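**Student:** Below is one structure. I have some questions about it.
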Amino acid sequence: MQNFSYHTHTLFSDGRNAAEEMLEQAVKCGLAEVGFSEHLVVHKNFKQSPSWSKLQAYHGAHIYRTDFAEAAEAFANYKAKIEKLKKSYPLKIFVGAEVDFFTYDGWLEEFKNFRKQTNLDYYITGNHFLFPENCEYPIDADELTKHIPNPSQQKDFLRRHFLTIKKAAASGLFDFVAHIDYMRRVPGCNDESFMPEKEQLLQTLAKNNIPAELSTKGLRKDGHYYPAPILLQKMHMLNIPILISDDAHRTSELCRNFADAERLLQSLEYKNRWKLNKF
Ligand SMILES: [Zn+2]
Ligand SMILES: [Zn+2]
């Protein structure tokens, strides 16, 4: 069975447990490697977002930042803290980031600078926001219909979302892609919708050999994995590398349903499994 988990969160972002507690649990689960993929969500105009007040009520509100320099400092300190823990636990520990990819002018350069400054072990692209064409402000996925009442505009936002993940994957800046159909939570976006855009995204993953998750978080949210079966089949057909993730935000979620996910991959004969090749 897969003995690592690279998609986890601690109190540093919006997790509910400290890194030490997650590591103790990881040892109990028999993991050999753990990666902390804390949220990096930086948008220069966050405060102008119609979702800003909702975001401020979230227990992890501190993850929503307007300034890359501040984020880099926080992540560098966090990385140093985790480095110190390494010798106390009998497993490999990595520090990474789950990054919301934005497309406004200047964002990419700032992100590249962030990477240089922090030198984290790995990066995941995980997109939780929708935005207009020029990306002038982000909207919380669960508020799309509230703030963008026009259905055809809603479709534009969602189409753009899948093409944004595609762009992130093609950038070569990410080690793998998180929950590719996270947006199925939005009314008007189900397993079958936006298939041309999803296919384009999968083609890009295949062409660039970028892995994607089979995330058990979907089971906790709406009863099936991210990605939905139809996308998982397509991923398999395209021979996209895959890894199982839990997206654990608390100790009890670490490795949750890994045995089920393992059985699913075996039943599909999905053999192209991926892991971080570091150290
Ligand atoms: Zn996520
Ligand atoms: Zn996550």
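**Student:** Of all residues in segment 85-97 being part of a strand (DSSP E or B) and in contact with a Leu (Cβ under 7 Å, 6 or more places away or on another chain), which is farthest from ligand 2 (Cβ to nearest atom)?
**Tutor:** Ile93
**Student:** Against the definition (touching a residue at least 24 places away in the same chain (Cβ under 8 Å) and away from ligand 1 (no atom under 16 Å from the Cβ)), how does Lys81 come out, yes or no?
**Tutor:** Against the criterion (touching a residue at least 24 places away in the same chain (Cβ under 8 Å) and away from ligand 1 (no atom under 16 Å from the Cβ)), Lys81 qualifies.
**Student:** Residue check: is Asp175 within 15 Å of ligand 2 (Cβ to nearest atom), within 26 Å of Leu23 (Cα to Cα) and not aliphatic (A, V, I, L, M)?
**Tutor:** yes
**Student:** Any chance you could count how many residues in segment 165-203 are within 16 Å of ligand 1 (Cβ to nearest atom) and open to solvent by 10 Å² or more (accessible area, probe 1.4 Å)?
**Tutor:** Result for segment 165-203: 5.
**Student:** Would you mind finding the one in Phe46, Phe68, Phe36, Phe4 that is in contact with a Leu (Cβ under 7 Å, 6 or more places away or on another chain) and crowded, with 18+ Cβ neighbours inside 10 Å?
**Tutor:** Phe4
**Student:** Filter segment 207-225 down to the residues that are within 16 Å of Ser171 (Cβ to Cβ) and open to solvent by less than 50 Å² (accessible area, probe 1.4 Å) and list them by number.
**Tutor:** Ile210, Pro211, Ala212
**Student:** Could I ask something else about it? Take the residues in segment 7-33 that are of a type in the set (Gly, Ala, Ser) and open to solvent by less than 10 Å² (accessible area, probe 1.4 Å), then tell me which one is farthest from Ala212 (Cα to Cα).
**Tutor:** Within segment 7-33, the match that is farthest from Ala212 (Cα to Cα) is Ala19.
**Student:** Being open to solvent by 20 Å² or more (accessible area, probe 1.4 Å) and in a helix (DSSP H, G or I) is the filter; apply it to segment 251-261 and report the residue that is farthest from Thr216 (Cα to Cα).
**Tutor:** Among them, the one singled out is Thr251.
**Student:** Kindly provide the set of residues from segment 234-256 that are under 18 Å from the mean Cα position of the chain (by Cα) and at positive phi, ordered by number.
**Tutor:** Matches in segment 234-256: Asp247, Cys255.
**Student:** If I ask for residues that are of a type in the set (S, T, N, Q) and within 16 Å of ligand 1 (Cβ to nearest atom), which ones from segment 104-126 would you list?
**Tutor:** Thr125, the sole residue that qualifies.
The values are calculated or read from the model by the stated rules, or taken from the named source; none is laboratory data. Keep in mind the model is a prediction, meaning the values are calculated, not measured. Cβ sites come from the backbone with ideal geometry, for glycine too, and all protein chains shown count toward neighbours. Just so you know, the surface numbers come from the protein's heavy atoms only, side chains and all, with ligands and any DNA or RNA stripped out. Shrake-Rupley method; radii C 1.70, N 1.55, O 1.52, S 1.80 Å.
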